[in-house]
Amino acid sequence: MRTEQPKVIYLKDYQAPEYLIDETNLTFELYEDHTLVHAQLVMRRNPERGEGLPPLVLDGQQLELQWVALDDRVLDEGEYQLDENHLTLQPTAKNFTVDSTVRIHPETNTALEGLYKSGKMFCTQCEAEGFRKITYYLDRPDVMSSFTTTLSAEQHKYPVLLSNGNPVASGQEEGGRHWATWQDPFKKPAYLFALVAGDLWAVEDSFTTMSQREVALRIYVEPENIDKCQHAMDSLKKSMRWDEEVYGREYDLDIFMIVAVNDFNMGAMENKGLNIFNSSCVLAKAETATDAAHQRVEGVVAHEYFHNWSGNRVTCRDWFQLSLKEGFTVFRDSEFSADMNSRTVKRVEDVAFLRTNQFAEDAGPMAHPVRPDSFIEISNFYTLTVYEKGSEVVRMIHTLVGVDGFRKGTDLYFERHDGQAVTCDDFVKAMEDANGIDLTQFKRWYTQSGTPRLAVEESYDAAARSYTLSFRQSCPATPGQPSKQPFVIPLEMGLLGSAGQPLPLRLQGEDAAVGDNRVLAITELEQSFTFVDLEEKPLPSLLRGFSAPIKLSFPYSRDQLMFLMQHDSDGFNRWEAGQQLSVQVLQELIGQHQRGEALKLDQRLVEAFRTLLLDSSLDQAMVAEMLSLPSEAYLTEISDEADVEAIHAAREFARKQLADALHEPLWQRYQDNRVASRETPYVAEATHIARRSLQNIALSYLMLSGRAQVLEACQEQYQSCDNMTERLTALAVLVNSPFEEEKAKALAMFADYFKDDPLVMDQWFSVQAGCTLPGGLERVQALMEHPAFTLKNPNKIRALIGAFANQNLVNFHRADGAGYRFLADQVITLNARNPQIASRLLAPLTRWRKYAPARQALMRGELERILASGELSSDVYEVVSKSLA
Ligand code: B3K
Ligand code: ZN
């Protein structure tokens with residue numbers, strides 16, 4: 001908890017460390033009621049910081065210091081200073097050694113930061129500043145040291161003892177204890193330190209690297225999960241091969257380990273050689289995990305593995321540079337997933353997620369640049385902006401320099417900076433130097449927050465056979481940034497002729513056409529491009545593949561969007577045209593609802609969907625994506641003032657109309673795919689996933705008909721399927737249906753069958769939390785009393801409370817404010833227990849400016865209540881105070 005006024009940390013104040021740590025030797029004695037940590041730090045004055053020996057200020061929090069020694073001499077109390085966050089002592093030579101022993105309490109650590117217990121095992125989470133809760137240290141990423149770690153614990157309870165690097169020694173002690181020593185030869189910052197002790201089983205495999213070294217691979221889990229590791233292991237091996245092939249990056253230690261833990265604040269952590277994962281991002285098998293969960297496991301395993309180079313070998317100089325490793329690594333994992341599965345589907349999913357969630361963050365009170373200038377609590381900056389927008393920024397560089405140029409840039413970056421802690425500027429510099437280009441203006445993407453807008457107009461000159469696209473960019477004001485400079489916007493585009501054919505693209509002044517797809521670099525506030533040799537007015541396809549994270553507007557008619565849906569050669573833009581058509585139609589319905597008129601659906605949407613359903617040549621996954629109407633959250637994000645009830649009513653009305661009008665083709669596609677699912681055992685592979693996604697979206701539409709035949713089909717799927725993807729969809733559509741008796745039966749059966757599998761129970765909670773029928777809050781409150789629910793486990797909180805507040809908008813935003821009050825209560829409770837989780841849970845309340853005055857007042861009222869509720873963690877304090885500012 002915070003006792004002093006929280007301090008703002010600024011990037012402009014960065015200074016290199018006064019001292020460096022060359023070697024870190026740690027010993028952990030793990031006991032049930034405390035742990036002793038002995039640290040020996042081999043240190044020296046940082047030559048970069050000049051002469052003289054300033055005081056050495058070590059970071060440390062919640063540590064009980066037993067003794068401290070300088071060069072083997074134990075210091076008297078007067079020879080050092082201790083405060084809540086530091087241990088300060090005075091070195092007397094350039095080279096010296098600091099020894100200390102502290103007592104800590106992992107067994108009562110509920111914040112899940114530092115060393116803590118998850119169930120019966122000990123584990124750690126140090127990023128960003130958790131290591132200071134383990135021992136006194138220079139806990140900053142630009143201090144890189146080699147580590148040797150010895151752990152000792154009771155052998156019977158903790159047969160497995162792990163840390164970073166390679167195992168070098170182990171042995172028995174008296175009293176039933178044993179020990180193991182691990183050595184990590186690669187210098188690393190303390191945030192990459194890890195330790196695990198527990199009764200774990202491992203799935204083992206091996207990987208031969210491109211230079212023919214054998215690497216042992218192990219995934220450690222609690223015994224009951226040993227049958228759920230194969231998918232993660234396969235994903236790991238694919239990731240290792242892909243990083244060799246695409247980036248030339250080879251793994252460097254003799255062993256790579258993943259440990260699954262149940263209580264974890266985020267998805268996973270890339271600790272050197274010893275990744276620690278939320279069990280939800282490792283464990284997957286057909287019966288218990290959906291297709292989406294399988295793909296998440298694949299993506300997160302890859303992400304953490306890729307960090308070994310983009311994050312560990314080359315790390316961040318300071319935490320303002322977080323996107324250096326996160327944006328780049330998200331880009332790497334998304335390209336990996338695109339290569340392993342369907343590229344267009346992956347892009348559609350990522351863009352839909354970005355536009356719904358990151359755009360909302362970038363328009364809210366916590367908006368910050370990809371490289372922030374300041375923060376109060378760094379844990380609050382593991383954001384969609386740093387991760388997802390950061391990845392889009394790297395993707396734009398990739399688009400601008402091309403595949404080969406990008407590889408030249410990353411080769412140079414890794415070669416130049418291996419073993420260093422560097423900045424986003426260093427990354428961009430490597431790209432510039434490798435490609436001989438100037439990215440000065442481009443770097444505004446790192447420093448300016450907010451989502452840029454690009455308004456596009458067209459004009460056709462029949463006499464000159466020329467066509468001009470005029471662009472005007474702007475960017476809304478964001479906290480601390482009232483005005484912005486123009487961005488570099490790479491705009492991938494093409495032109496279509498009246499038969500839908502791609503037209504050759506020749507810009508005025510060019511000798512000849514250059515292909516039919518190209519990237520225009522928009523760099524000015526206003527800029528136009530004229531294409532020549534055009535016999536007729538073309539139809540533009542703009543921002544193909546979502547080549548920049550912006551909001552583009554072009555006055556397409558609905559007929560033009562339908563045309564693009566069918567003819568655009570860019571698969572992403574076919575989807576995008578469908579989304580824009582749906583948005584136009586839904587916004588019309590929202591308006592009708594607000595004016596109290598009868599709702600009337602534009603039949604062109606029905607016809608567009610019919611065409612999709614009847615075309616068996618299309619990729620089924622894309623058909624499923626295109627049949628999915630924009631979410632209520634997205635419709636909220638694009639509204640100036642979101643009308644919760646109108647958005648919900650309009651979208652549900654459209655779904656019902658589509659379901660009725662398209663019953664036949666939906667039923668046909670459903671039947672065909674369900675038969676195929678019944679006849680083929682489950683495989684988490686792209687074409688199978690595609691089949692199930694179309695089958696499942698068809699079922700969710702069909703169920704709106706209320707027909708007995710559909711209910712039967714749903715129950716058949718629920719009972720007879722061999723996998724969680726089909727089972728959970730069947731359960732979800734039942735839960736959202738009016739068939740109370742069938743619903744209750746299915747829910748009870750599910751909970752009974754899966755009661756011992758916490759990850760499956762999370763899905764059971766989520767399905768109910770997302771049910772938009774009236775009474776949602778009461779259902780969630782009742783579920784909090786369920787024996788499988790606990791506020792101690794972050795996954796449970798996310799599955800029930802998080803899903804309710806983020807996905808069940810019509811219930812969360814109910815007009816009397818009870819949803820807001822409920823969420824604020826949970827934040828207040830969790831603030832003391834687990835500040836990181838409390839602060840994340842808060843996000844929906846920070847969006848109050850999106851709503852009408854009555855809701856604004858209720859939401860603000862809850863934020864004020866949190867602020868006044870007592871001693872706030874710096875995490876919660878920062879988000880609440882910035883939201884109210
Ligand atoms: N680097 C970790 C995130 C740690 C978050 C700490 N609050 C996971 C990842 O991005 O790979
Ligand atoms: Zn990461």
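The values are calculated or read from the model by the stated rules, or taken from the named source; none is laboratory data. Quick caveat, the model's predicted, so the values are computed rather than measured. Positions of Cβ are generated from backbone atoms using ideal geometry, with glycine treated the same way; all protein chains shown enter the neighbour counts. The accessibility values were calculated without ligands, DNA or RNA, using every heavy atom of the protein model including side chains. Shrake-Rupley method; radii C 1.70, N 1.55, O 1.52, S 1.80 Å.
Can F353 be described as assigned to a helix (DSSP H, G or I) and surrounded by fewer than 23 Cβ atoms within 10 Å (Cβ to Cβ)? Considered against the rule, which asks whether it is assigned to a helix (DSSP H, G or I) and surrounded by fewer than 23 Cβ atoms within 10 Å (Cβ to Cβ), F353 comes out as yes. Within this structure, Q657 passes the test of being surrounded by fewer than 22 Cβ atoms within 10 Å (Cβ to Cβ), touching a residue at least 40 places away in the same chain (Cβ under 8 Å) and either in a helix (DSSP H, G or I) or of a type in the set (D, E) (or both).
Restricted to segment 361-381, and to residues there that are in a loop (DSSP other than H, G, I, E, B) and more than 18 Å from T451 (Cα to Cα), the residue that is farthest from ligand 1 (Cβ to nearest atom) is I376.
Among the numbered conditions (1) open to solvent by 10 Å² or more (accessible area, probe 1.4 Å); (2) in contact with a Ser or Thr (Cβ under 7 Å, 6 or more places away or on another chain); (3) in contact (Cβ under 8 Å) with a residue 60 or more places away in the chain, the only one that A684 does not meet is (2). If the condition is being more than 16 Å from ligand 1 (Cβ to nearest atom) and among the acidic types (D, E), then segment 336-360 contributes D339, E349.
Being assigned to a strand (DSSP E or B) and either open to solvent by less than 10 Å² (accessible area, probe 1.4 Å) or closer than 25 Å to R313 by Cα (or both) is the filter here, so list the residues in segment 103-120 that pass it. Walk me through how you get there before you give the answer.
Step one: list which residues in segment 103-120 are assigned to a strand (DSSP E or B), which gives 103-104, 114-118.
Selection gives I104, G114, L115, Y116, S118.
What are the pairs with Cβ atoms under 9 angstrom where one residue, in segment 706-720, is crowded, with 16+ Cβ neighbours inside 10 Å and the other, located anywhere, is among the aromatic types (F, W, Y)? Sequence gap at least six, or different chains. Once the first residue is crowded, with 16+ Cβ neighbours inside 10 Å and sits in segment 706-720, its partners that are among the aromatic types (F, W, Y) give V710/W667; V710/Y670; L711/F739; A713/W667; A713/Y670; C714/F739; Y718/F750.
Under 6 Å by Cβ, and 6 or more places apart or on different chains, what pairs join a residue from segment 43-66 that is in contact (Cβ under 8 Å) with a residue 40 or more places away in the chain with one that is open to solvent by 70 Å² or more (accessible area, probe 1.4 Å)? Pairs found: R44/K94; R44/N95; R45/K94; E64/R103.
Every residue, every condition in (1) closer than 30 Å to Q836 by Cβ; (2) in the same structural domain as V300 (by TED's automatic domain parsing); (3) in contact with a strand residue (DSSP E or B) (Cβ under 6 Å, 6 or more places away or on another chain); (4) within 16 Å of ligand 1 (Cβ to nearest atom), yes or no:
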| site | (1), (2), (3), (4) |
| --- | --- |
| A216 | no, yes, yes, no |
| D227 | no, yes, no, no |
| G248 | no, yes, no, no |
| F256 | yes, yes, yes, yes |
| V261 | yes, yes, yes, yes |
| G267 | yes, yes, yes, yes |
| N271 | yes, yes, no, yes |
| A284 | yes, yes, no, no |
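Considering (1) assigned to a loop (DSSP other than H, G, I, E, B); (2) open to solvent by 50 Å² or more (accessible area, probe 1.4 Å); (3) among the hydrophobic types (A, V, I, L, M, F, W, C), the lone condition that L599 does not fulfil carries the number (2). In segment 591-614, the residues that are at pLDDT 95 or above reach residues that are part of a helix (DSSP H, G or I) and among the acidic types (D, E) with C-beta atoms within less than 7 angstrom, at least six apart or across chains, in these pairs: D602/E588.
Of all residues in segment 175-202, those satisfying the criterion of being within 16 Å of P159 (Cβ to Cβ) and either part of a helix (DSSP H, G or I) or touching a Lys or Arg at 6+ places or on another chain (Cβ under 9 Å) (or both) are G175, G176, A197, G198, D199, A202. Of the helices (runs of 4 or more DSSP H) contained entirely in segment 699-758, those carrying at least 2 residues that are more than 32 Å from the chain's Cα centre (by Cα) and within 16 Å of L666 (Cα to Cα) fall at 708-720. Under the condition of being part of a helix (DSSP H, G or I) and among the basic types (K, R), the residues counted in segment 278-331 number 2. Checked against (1) farther than 17 Å from V98 by Cβ; (2) assigned to a loop (DSSP other than H, G, I, E, B); (3) without any contact (Cβ under 8 Å) to a residue 40 or more places away in the chain, E32 passes all but a single condition, namely (3).
Picking from T110, T101, T92, which residue would you name as being closer than 20 Å to H34 by Cβ and more than 16 Å from ligand 1 (Cβ to nearest atom)? Walk me through how you get there before you give the answer.
Values: T110 fails: more than 16 Å from ligand 1 (Cβ to nearest atom); T92 fails: closer than 20 Å to H34 by Cβ.
Exactly one of T110, T101, T92 is closer than 20 Å to H34 by Cβ and more than 16 Å from ligand 1 (Cβ to nearest atom), namely T101.
The set of residues from segment 320-344 being in contact (Cβ under 8 Å) with a residue 24 or more places away in the chain and closer than 20 Å to A430 by Cα comprises F320, Q321, L322, S323, L324, E326, G327, F328, T329, V330, F331, R332. Is there a residue being modelled with pLDDT of 95 or more, on the phi < 0 side of the Ramachandran plot, within 14 Å of ligand 2 (Cβ to nearest atom) and among the aliphatic types (A, V, I, L, M) anywhere in segment 292-301? Checked segment 292-301: at least one residue is modelled with pLDDT of 95 or more, on the phi < 0 side of the Ramachandran plot, within 14 Å of ligand 2 (Cβ to nearest atom) and among the aliphatic types (A, V, I, L, M).
So which residues in segment 271-285 are within 15 Å of ligand 2 (Cβ to nearest atom) and crowded, with 24+ Cβ neighbours inside 10 Å? Can you show your working first?
Taking segment 271-285 first, the residues within 15 Å of ligand 2 (Cβ to nearest atom) are 271-272, 275-278, 281.
The answer is N271, K272, N275, I276, F277, C281.
Conditions tested, residue by residue: (1) of a type outside the set (S, T, N, Q); (2) within 28 Å of A690 (Cβ to Cβ).
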| site | (1), (2) |
| --- | --- |
| N262 | no, no |
| A292 | yes, yes |
| F306 | yes, yes |
| W309 | yes, no |
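For (1) open to solvent by 30 Å² or more (accessible area, probe 1.4 Å); (2) closer than 16 Å to N265 by Cα, each residue gets a yes or a no:
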| position | (1), (2) |
| --- | --- |
| F122 | no, yes |
| Q125 | no, yes |
| A128 | no, yes |
| F131 | no, yes |
| Y136 | no, no |
| Q155 | yes, no |
| L162 | no, no |
| G165 | no, no |
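Name every residue in segment 377-423 that is of a type in the set (F, W, Y) and either within 16 Å of ligand 2 (Cβ to nearest atom) or crowded, with 20+ Cβ neighbours inside 10 Å (or both), in order of residue number. Walk me through how you get there before you give the answer.
Initially, segment 377-423 is screened for residues of a type in the set (F, W, Y), giving 381-382, 387, 406, 413-414.
Residues satisfying the conditions are F381, Y382, Y387, F406, Y413.
Give me the helices (runs of 4 or more DSSP H) completely within segment 767-866, filtered to those with at least 2 residues that are of a type in the set (V, I, T) and at pLDDT 95 or above, ordered by residue number.
On the way: elements: 776-783, 794-797, 803-807, 809-812, 818-833, 835-841, 843-846.
Result: 818-833.
Let me spell it out: the conditions are (1) outside the structural domain of E392 (by TED's automatic domain parsing); (2) in contact (Cβ under 8 Å) with a residue 12 or more places away in the chain, and Q441 meets all of them except one. Which number is the exception? With (1) outside the structural domain of E392 (by TED's automatic domain parsing); (2) in contact (Cβ under 8 Å) with a residue 12 or more places away in the chain applied to Q441, the lone miss is (1).
Can you find even one residue in segment 356-371 that is at pLDDT 95 or above, among the small types (G, A, S), within 16 Å of ligand 2 (Cβ to nearest atom) and open to solvent by 10 Å² or more (accessible area, probe 1.4 Å)? Break it down into steps so the answer makes sense when it comes.
To start, the set of residues in segment 356-371 that are at pLDDT 95 or above comprises 356-371.
When the remaining residues are screened for being among the small types (G, A, S), the result is 360, 363-364, 367.
Keeping just the survivors that are within 16 Å of ligand 2 (Cβ to nearest atom) gives none.
No: zero hits.
Inclusion of E298 among residues that are over 29 Å from F147 (Cα atoms), within 15 Å of ligand 1 (Cβ to nearest atom), of a type in the set (D, E) and touching a residue at least 12 places away in the same chain (Cβ under 8 Å) is warranted. The residues of segment 395-425 that are closer than 17 Å to Q321 by Cβ and either among the basic types (K, R) or touching a residue at least 60 places away in the same chain (Cβ under 8 Å) (or both), listed by number, are T410, Y413, F414, R416, H417, D418, G419, Q420, A421, V422, T423, C424. Reported count of residues in segment 309-336, each being surrounded by fewer than 24 Cβ atoms within 10 Å (Cβ to Cβ), of a type in the set (S, T, N, Q) and closer than 18 Å to V246 by Cα, is 1.
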